[in-house]
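Following: one structure in C-alpha cells, then a few remarks.
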Amino acid sequence: EAGEGPLALCLHGFPDTAHTWRHLLPRLADAGFRAVAPFNRGYAPSAVPTDGFFQAGALAADANALHDALGGDDDAVIVGHDWGAVAAYGAAGSGPERWRKVVALTIPPLNEMFAAFAGYDQLKLSWYIHVFQSPLADMLVPGDDFAFLDRLWRDWSPGYDPTDDLGAVRDALRRPGHLGAAIGIYRAALGNAPLDPDLADEQAATSALPAQPVLYLHGEDDWCLALATARTAQGALEHNGRFEVIEGVGHFLHLEAPDEVNGRILAFLTS
C-alpha cells in the first residue's frame with residue numbers, strides 16, 4: 001500500500017504476487033492515489049479460502065469487497081494483470097458504481113476473443129492450462145523448487161530474468177493448499193472445480209467488456225497469450241477505451257518496461 005487519495009486497486013495474476021506492482025504503487029501514490037496491491041485468495045499470506053471457490057468470479061467479488069473495506073468511492077480505479085485483468089473486468093462489470101476506470105494487461109475479455117483463443121495456434125501456447133486439470137499438476141509444478149513456474153516465466157517473457165519475482169512466488173505457494181488454490185482458477189474455468197452459484201453475476205462479468213473506459217496493454221512478444229489472439233478483441237476494446245502494444249516485451253510487460261507501461265497507465269488514469 002502507498003499514498004493517499006482515491007483507491008487504486010492492483011490485482012496480480014498467475015504465477016505472481018502483489019510484488020509485481022512494486023514499480024507502479026509509488027507512481028500511483030505520487031499521482032494522488034491510495035494504491036493497494038492485495039495477494040489473491042490462496043496466495044500466502046492470504047489464506048486458502050474455506051469455501052473452496054477459486055473461480056474468476058470469486059476474485060472479482062473479492063475486489064469489490066476490498067473496495068468497500070478500504071473505503072473506496074466512485075472515483076476508485078482498478079488495475080489487473082493476467083487473471084487480475086479478468087478479475088478487474090468482473091469487478092467493474094458487476095459493481096459499476098465502484099470503479100471509474102479499468103486498466104487491463106495481457107488478457108482481453110474472453111467474449112471478445114473466444115474464437116481466436118480456441119484456435120490451434122493459441123491452444124499450443126495454452127498447453128499448461130490442460131496440464132493443470134490433472135491431479136498430477138499438484139506434484140509436477142512444485143517439483144525441483146517450482147522449476148515449472150520458472151520455465152513459464154521465461155517462456156512467456158523471453159529475455160526477462162524473473163529470479164526476484166520467483167522468490168516471492170515460491171513463498172506464496174509452497175505452503176500446503178496454496179498451490180491448489182492458485183491453479184484452482186484454471187480448473188474452475190474448464191469445469192473441473194466447483195463454482196459458487198451466488199457469484200453468477202460476477203462470473204459472467206469476468207468474460208465481458210465493462211462499460212467503464214478501459215486501457216488495455218499487451219506485450220509484442222507475449223508467448224502466454226499471443227498478440228495475434230489479443231488483437232481479435234482490439235475493436236471492442238477501442239470502442240470505449242484504448243488498445244496499446246508495448247514493443248519488445250512479453251507477458252510481464254509491467255516488469256520488463258516499467259517506465260513506459262506505468263507512464264501510460266498514469267496518463268490514462270489521470271486524464
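FYI, it's all coordinate maths here, none of it is from the lab. These numbers come from a predicted model, not from an experiment. For neighbour counting, all protein chains shown are included, and Cβ atoms are generated from backbone atoms with ideal geometry for every residue, glycine included.
Say each of K124 and E1 gets a label point 7 Å from the Cα, pointing the same way as Cα to Cβ; how far apart are those two points in nm?
Here the answer is 4.7 nm between the modelled labels.
Rounded to whole Å, give me the distance from the Cα center of segment 175-244 to that of segment 12-44.
Going from one Cα centre to the other spans 18 Å.
What list of ³J(HN,Hα) couplings, whole Hz, do you get for segment 221-230 from phi and the Karplus terms 6.51, -1.76, 1.60, once you set θ to phi - 60° and write x for glycine and proline?
Once rounded to whole Hz, the list reads 10, 6, 10, 9, 10, 4, 4, 4, 5, 4.
With r as the distance between the Cβ atoms of N240 and D155 and R0 = 35 Å, compute the FRET efficiency 1/(1 + (r/R0)^6) and round to 0.05. Don't jump to the answer; show the numbers that get you there.
Values: r = 32 Å, r/R0 = 0.93.
For D155 and N240, the calculated efficiency is 0.60.
With charges only on Cβ, +1 for K and R and -1 for D and E, what is the dipole size of segment 176-269 about its Cα centre, in debye, rounded to 20? Intermediate values should be presented prior to the final figure.
Numbers: 4 positive and 13 negative charges, 36 e Å.
Charge dipole of segment 176-269: 180 debye, to the nearest 20.
Show that you can apply the helix-only estimate: for the chain, add -39,500 (n - 2.57) for every DSSP H stretch of four or more residues, divide by all residues, and state [θ] at 222 nm to the nearest 500.
Numbers: 15 runs with 123 residues, N = 271.
Taking each H run of at least 4 residues, the total per residue is -12500 deg cm²/dmol.
Let me spell out the model: positive unit charges on the Cβ of Lys and Arg, negative unit charges on the Cβ of Asp and Glu, origin at the Cα centre of the chain. What dipole size does that give, in debye rounded to 20?
Numbers: 17 positive and 36 negative charges, 53 e Å.
Approximately 260 debye in magnitude.
Before anything else, pin down the relative contact order of the chain: Cα pairs under 8 Å, at least 6 apart, normalised by residue count, whole percent.
Values: 547 pairs, mean separation 67.4, N = 271.
In percent, rounded to a whole number, it is 25.
Going toward the positive end of the dipole of segment 25-152, with +1 on Lys and Arg Cβ and -1 on Asp and Glu Cβ, which of H130, A118, A69 do you reach last?
Going by the Cα projections, it comes out as A118.
Please state, to two decimals, what the Cα-based radius of gyration of the chain comes to when divided by 2.2 N^0.38 Å (N = residues).
Working it through for the chain, the quotient is 0.92.
Using a simple charge model, +1 on the beta-carbon of Lys and Arg, -1 on the beta-carbon of Asp and Glu, nothing else, what dipole does segment 114-271 show about its Cα centre, in debye to the nearest 20? Show your work: numbers first, answer last.
On the way: 10 positive and 23 negative charges, 77 e Å.
Magnitude of the dipole: close to 360 debye.
Is the shape of segment 69-217 best called rounded, prolate or oblate, per the rule: a/c under 1.5 gives rounded, else a/b larger than b/c gives prolate, else oblate, with a ≥ b ≥ c the square roots of the Cα gyration tensor eigenvalues?
Working: a/c = 1.59, a/b = 1.51, b/c = 1.05.
Taking the square roots of the gyration eigenvalues as a ≥ b ≥ c, segment 69-217 is prolate.
Per residue of segment 248-261, in order, report the coupling 6.51 cos²θ - 1.76 cosθ + 1.60 (Karplus, θ = phi - 60°) as ³J(HN,Hα) in whole Hz, putting x for Gly and Pro.
Here the 3J(HN,Hα) series is x, 10, x, 5, 9, 4, 6, 9, 7, 9, x, 5, 5, 5 Hz.
Which residue, chosen from G241, W153, P194, occupies the Cα position most advanced towards the positive end of the dipole of segment 132-271, where the dipole is computed from +1 (Lys, Arg) and -1 (Asp, Glu) charges on Cβ about the Cα centre?
P194
Tell me, what does the Kirkwood hydrodynamic radius of segment 1-80 come to in angstroms if you use every pair of distinct C-alpha atoms? Kindly include the intermediate steps, with their values, before the conclusion.
Numbers: mean 1/r = 0.0772 Å⁻¹.
After inverting the mean inverse Cα-Cα distance, the result is 13.0 Å.
Which of rounded, prolate, oblate describes segment 1-145, given a ≥ b ≥ c as roots of the alpha-carbon gyration tensor eigenvalues and a/c under 1.5 marking rounded, otherwise prolate only if a/b is larger than b/c? Before the final figure, lay out each step's value.
On the way: a/c = 1.89, a/b = 1.52, b/c = 1.24.
It is prolate, given that a/c is not under 1.5 and a/b is the larger ratio.
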